[in-house]
Amino acid sequence: MTKTGDVEGRAGPPLWWARRRDAVWDAALGGASALECAWEGVPFAAEAGLPTVVGVLFGFVVGATLVLRRRWPIAVVLVGIAVSPAAMGFLLAVVGMYTLASSEVPRRITATLASMSLAATFVVMYMRTRGDVEADPTLVVVLSVFVAVALTVPPVLFGLYIGARRRLMESLQERADSLERELSLLADRAEERAEWARTEERTRIAREMHDVVAHRVSLMVVHAAALEAVAVKDPVRAAKNAALVGDMGRQALTELREMLGVLRAPPKPVPAPVLAPAVAAVAFAGGVEDGPSLGELEALVGQSRAAGMAVEMLVHGEGAQYAAEVEQTAFRVVQEALTNCHKHAPGARVVVRLAHRSGEVAMQVENGPCDGKAAEPGLPSGGNGLVGMRERVLGLGGVFVSGPTDAGGFRVSAVLPVVG
């Protein structure tokens, strides 16, 4: 379809008409007006002393100008006013005034031309009826005024009404189109927010899975390596390491089951428009209050000690009850840092520092250089550990710094603001 509504490949409406129906209608009006004026041109030619053919042709041309009413309404009205002394163009005058009033022509021009048409009709009517000797002068004036008003005022008022109605419909159509565009935009934004939420949830799940599985499995690999080394020489220690491996596996399975249970649980309704990105990410976590806390750091460090790592834990300040997401993030940072120590710094001395400050809690895990005696555990590294820690900390508005130390070790530091 073309923008005019016609089927592509067919001729559209000619010239200035918006629709073919308008062109046909104006052509019919122009033809009727031309025939009327041609008929009225006969007495005009007789009065003016012109050949009848000239009067007929003149009337036909004058009446045919009504075809131009949509393109040049002012010109059509002026033609009707100009030929009013010839007593022709009734249809031309009425339709022309209606078209002028309903168009976008300024109202002052419409009022001026309507006044001119009213005056011209009154003068012509008065001049043609006052010659009757039996007519009362007052009646002539009243009749002239009535005819002038009847031929001018109704078309103008009706045209003003149609024009106002057309503009109202166009305004309503524009508002409907604007509303449709806004609804489409809102739908697109809602889809973007939903996609963002799904991405955040996938990232969170991947981060949790990495933290839980990587730490537990890393300890299991370390204990398994120690079990392999002492299985023949020290059966008692081998049995102890085997028991530790079993405990680590059971703990990993338990945490995985808890995470899967959270994923299967129905989501909690969260008013998305009022959530900041960081808070929304925590809200999507679901069950964050059941996650690990700072109180479990001692047990976490104890597991690393049991795996043969020399770990020292230092706590500064008085501990407090923090928001669940803060405690979980702090625990995961220390957990992942210890996992990296197992992977990349076997035999190194590790110091874990936890500081409770006013309005924030800070943690730091620093390892020294490897002693060169401990065997490499051969644990794979996906490079996601530091990235996940940084995302967690920055998501809560904290500060995260990591990098090598001057002594040849590695340091991970994080500061979390206390919220809630």
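Tabulated values for the structure
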{"quantity": "Where labels lie 7 Å past Cα in the beta-carbon direction, separation of Glu312 and Ala27 in nm", "calculated": "10.3 nm"}
{"quantity": "Carbon + sulfur, % of accessible area of region 134-192 - ligands and nucleic acids excluded, 1.4 Å", "calculated": "65 percent"}
{"quantity": "Accessible-area composition of region 52-98, carbon plus sulfur, in percent [1.4 Å probe]", "calculated": "80 percent"}
{"quantity": "FRET efficiency, 1/(1 + (r/R0)^6) with R0 25 Å, evaluated for Asp234 and Ile205 via beta carbons", "calculated": "0.05"}
{"quantity": "Cα→Cβ-extended label distance, 7 Å offset, between Thr254 and Val401, nm", "calculated": "3.7 nm"}
{"quantity": "With every protein chain in place, region 293-371: carbon and sulfur % of accessible area (1.4 Å)", "calculated": "47 percent"}
{"quantity": "Residue-normalised accessible area of region 314-363, given per residue in Å² at a 1.4 Å probe", "calculated": "37 Å²"}
{"quantity": "Arg357 - accessible surface, heavy atoms, 1.4 Å probe, Å² rounded to 10", "calculated": "120 Å²"}
{"quantity": "Gain in span if fully extended, Met169 to His356, counting 0.36 nm per residue against the direct Cα distance", "calculated": "60.6 nm"}
{"quantity": "Distance (nanometres) between label positions extended 7 Å along Cα→Cβ at Glu182 and Ala194", "calculated": "2.2 nm"}
{"quantity": "Region 20-179, accessible area per residue, ligands and nucleic acids excluded (1.4 Å, Å²)", "calculated": "58 Å²"}
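The values are calculated or read from the model by the stated rules, or taken from the named source; none is laboratory data. Because the structure is a prediction, the values reported are computed rather than measured. Note that we place each Cβ from the backbone using ideal geometry, even for glycine, and neighbour counts take in every protein chain shown. When the accessible area is computed, the model is the full protein with side chains, heavy atoms only, and any ligands, DNA or RNA have been set aside. Shrake-Rupley method; radii C 1.70, N 1.55, O 1.52, S 1.80 Å.
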